[in-house]
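A quick write-up on the structure given underneath.
Just so you know, all these numbers are worked out from the coordinates, no wet-lab data involved. Bear in mind that the values here come from a model prediction, so they are computed numbers and not experimental data. Please note: Cβ atoms are built from the backbone with ideal geometry, for glycine as well, and neighbour counts cover all protein chains shown.
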Amino acid sequence: DYKINSNDLLEGLFKSSVLLKAARHIFVSPSLAQEDGSWSTQAGNAAFNGMTRITPASIAYVVTSSETVFGRKIKGSQFNLYAFYDNILVPLGQPDMVERTRLILDYWTDNVLGGNPDAVFDDEDGGTASAILAQLCAA
């Protein structure tokens, strides 16, 4: 269960175990997405395609894919997946986010490709695109 900290919308950004499992499913193998998957015996899709690091676009793809699978469908609403994808990339590309983005990418690389599903994210910060940008501009 994730709760939003309105004072720091970046807290917990991309720390969801559901997103990490979705990324493992997509980039490594569906069986690895399960908690009992074995890292040592599965090279996976990423290895076959030369993928050694997670990128901001990788995260945006996973989050967007997860939204289409798990997202709440509101009757009569229109959801723009392209804008949603861009709203993931925009904060990660901001100059004020360079260090935090590096930590997020390292965390995802370790947890999705690196073989340590129990690794703990050591950054206490992490949160929505326009609010994140507003907090960065205010700083």
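Modelled label-to-label distance, Asn5 and Asn80, 7 Å Cα→beta-carbon offset: nm? Going by the 7 Å Cα→Cβ label model, 3.1 nm.
The slack in the chain from Gln94 to Ser16, taken as 0.36 nm per residue of separation less the alpha-carbon distance, amounts to 25.9 nm.
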